[in-house]
Amino acid sequence: MLITLQQAAERLKNARKVLVLSHRSPDGDTLGSASALCIALHRMGKKVRFACSDEMDKKYRFLFAPMQDWMQAEEDFSPDCVVSVDIADVGLFGEGLSAYTNKVDLCLDHHRSRGDFAKESYVDPRAAATGEILYELLNILDVEIDEDIANSLYTALATDTGCFKYSNTTACTLRIAANLLDAGIDAAQINRAMFDTWTHSRLALEKRALDQLRVFHGGLCVTMEISQAILEETGATGADLDSIVGIPRQIEGAYVGVTIRERKDGGYKISLRGEPPVDCSQICEEFGGGGHKGAAGCVMPAGSLEEAREAIVKAVGEHLYALGLLEETP
């Protein structure tokens, strides 16, 4: 059931023990939103715990540093409110959180295409990041947004907007970012950690991935393929992968960039990045995925790399044709 943000605030006010969940392969928005909410709830006198199926990349650990003194594991911790942040579908819980897929009391999210798994949900597709929603929610809860919380919210906004470069960035996004700067954060340091610091494995991955670029539909679509062999050779992590998925879209003339990553357990993870008027979420929904207009993803559970590439490139071509960007049906 959809509720208002005021109602969401009331649910949190009435809770005593809260478990906050982030999605698998966690990024800056889900972790920034989760850490901001955890700190705020603790200051409101709540007992709070955080959980995620996958380990976070080391560049995000500073977000949870303010919680080290009080967020200790309790064997008997039994939440009376389970909150998911930035989780659009049960498939994003991951194996480690599978027990909670039907136990979420409150979902806070900004994805337009999403599953209805929570008892109550507040969803705002206009928000550039779930971090925007958390900013408004904490104001309703009358929680001071100090440097610790501002660090988390800024990280959420910056990562989901590509450091405020993507088309989802709005005037509201920038106004919130300005207020977070006023709270005393070091935005330059956060930006460097998120966007300008590369691991050696990331450099090796990009070098190998660039050799896999392919051009389709007269240059309107560019794909990049990353096999398990490349991942093993380079030692790349999930964070390394996240930082290169935008490369195909950067090619001149490309409206859609597609990254096809072979998964350890079989199948392929597909990441799309697009330029207006392309709607990446619409393309990915054909394969059971979703996301935003400018960035979306899906999973193809079986088949060969060639079959996965052929299927997604065909779907992209049909979308480009429907938009009038491609003259002939693919």
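Observations
- Scan of region 1-43 for residues that are surrounded by 16 or more Cβ atoms within 10 Å (Cβ to Cβ) and part of a loop (DSSP other than H, G, I, E, B), ordered by number: ILE3, ALA15, SER22, HIS23, ARG24, SER25, PRO26, ASP27
- Residue that is open to solvent by 10 Å² or more (accessible area, probe 1.4 Å) and in contact (Cβ under 8 Å) with a residue 12 or more places away in the chain, where the choices are ILE176, ILE145: ILE145
- Selection count where residues are surrounded by fewer than 22 Cβ atoms within 10 Å (Cβ to Cβ), at pLDDT 90 or above and among the charged types (D, E, K, R), scope region 66-94: 1
- The set of residues from region 115-140 being charged (D, E, K, R), over 19 Å from GLY28 (Cβ atoms) and open to solvent by 40 Å² or more (accessible area, probe 1.4 Å) comprises ASP116, LYS119, ARG126.
- Residue count for region 252-283 under the criterion of being in contact (Cβ under 8 Å) with a residue 24 or more places away in the chain and under 24 Å from HIS23 (Cα atoms): the result is 22.
- Within region 272-289, the set of residues being surrounded by 21 or more Cβ atoms within 10 Å (Cβ to Cβ) and more than 14 Å from ARG112 (Cα to Cα) comprises LEU272, ARG273, GLY274, VAL278.
The values are calculated or read from the model by the stated rules, or taken from the named source; none is laboratory data. As the structure is a computational prediction, the values presented were derived from the model and not from experiment. Neighbour counts run over all protein chains shown; Cβ positions are idealised from the backbone, glycine included. Note: areas computed on protein heavy atoms with side chains; ligands, DNA, RNA excluded. Shrake-Rupley method; radii C 1.70, N 1.55, O 1.52, S 1.80 Å.
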